[in-house]
Amino acid sequence: MTSYEVIEIFVLGFCNVVLGPLMFIWGIYSELDAYEEKRDANNTTNKDLELEYNPVFWAYRCLILCSFFSGLFAMWAVTIFRKEGNWEIRLGRVATSLAKAMYWQIVAIIFYNLDPFEWRTRDGLLGPWGRIDLPFLTYYYCFAVQYYFAKQIGKFVQEAKDVVKLQ
């Protein structure tokens, strides 16, 4: 793998460690403001707020964790464990899996919001849970950037496997 590709993976990993969680935390703050306004209004119960905001907060938690750890493991794979083939492969695989998990979480969120099977009705499987509304930038980051990130890390892992086979 060329030094340019290693730098590219490091930069993508750094973006996942810093930029992704910051973007998601920014989204949480806007949701928290809306939550506090509704909580302070005396016409809603705690149960209603819980049903509406739990899915959003859990989605953000999962996105933050996947983003942070995928970036961290990718950065470790191309720096600290660069000369240790088996650790490169393991960390690269975990980083790829977490990036793909972010991608598929967004697909699941879109499917959840569309609710084609009407699971979120009062008598449905999920009950009257609220929608998971994320900013457009979050969708773009989790689709395009994570797809590219997973593709690049996948190439890195394959090259590391080839090097280990030759040794």
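Computed from the coordinates by the stated procedures, all read-outs in this text should not be read as laboratory data. These numbers come from a predicted model, not from an experiment. Don't worry about glycine lacking a Cβ; one is built from the backbone with ideal geometry, like all the others, and counts go over all protein chains shown.
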Run the numbers for residue 48 and residue 164: contour at 0.36 nm per residue of separation, minus the present Cα-Cα distance, in nm.
36.3 nm
Give me the orientation-averaged projected area of the Cα convex hull of the stretch 3-166, in nm², one decimal.
11.1
Helix 3-14: angle to the longest alpha-carbon principal axis of the chain, degrees 0 to 90, nearest 10?
20
May I ask you to evaluate 6.51 cos²θ - 1.76 cosθ + 1.60, the Karplus curve with θ = phi - 60°, for each residue of the stretch 57-62 and list the ³J(HN,Hα) values in order in whole Hz, giving x for glycine and proline?
5, 5, 4, 5, 4, 5
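Can you tell me the relative contact order of the stretch 3-166? Whole percent, Cα pairs under 8 Å, sequence separation 6 or more.
29
Can you give the FRET efficiency for residue 90 and residue 22, using 1/(1 + (r/R0)^6), R0 = 30 Å, r = Cβ-Cβ distance, to the nearest 0.05?
On the way: r = 27 Å, r/R0 = 0.91.
Computed FRET efficiency for residue 90 and residue 22 comes out at 0.65.
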How large is ³J(HN,Hα), in whole Hz, for each residue of the stretch 25-35 in order, when computed from phi with the Karplus curve 6.51 cos²θ - 1.76 cosθ + 1.60 and θ = phi - 60°, using x for Gly and Pro?
5, 4, x, 5, 4, 5, 5, 5, 4, 5, 4
Neighbour-count ranking [beta-carbon atoms within 10 angstrom, fewest first] of 159, 36:
36, 159
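Which FRET efficiency, nearest 0.05, do residue 80 and residue 131 yield, Cβ-Cβ r, R0 41 Å?
0.50
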For the stretch 144-149, 3J(HN,Hα) per residue [Karplus equation, 6.51 cos²θ - 1.76 cosθ + 1.60, θ = phi - 60°, Hz, x = Gly/Pro]
6, 5, 6, 4, 5, 4
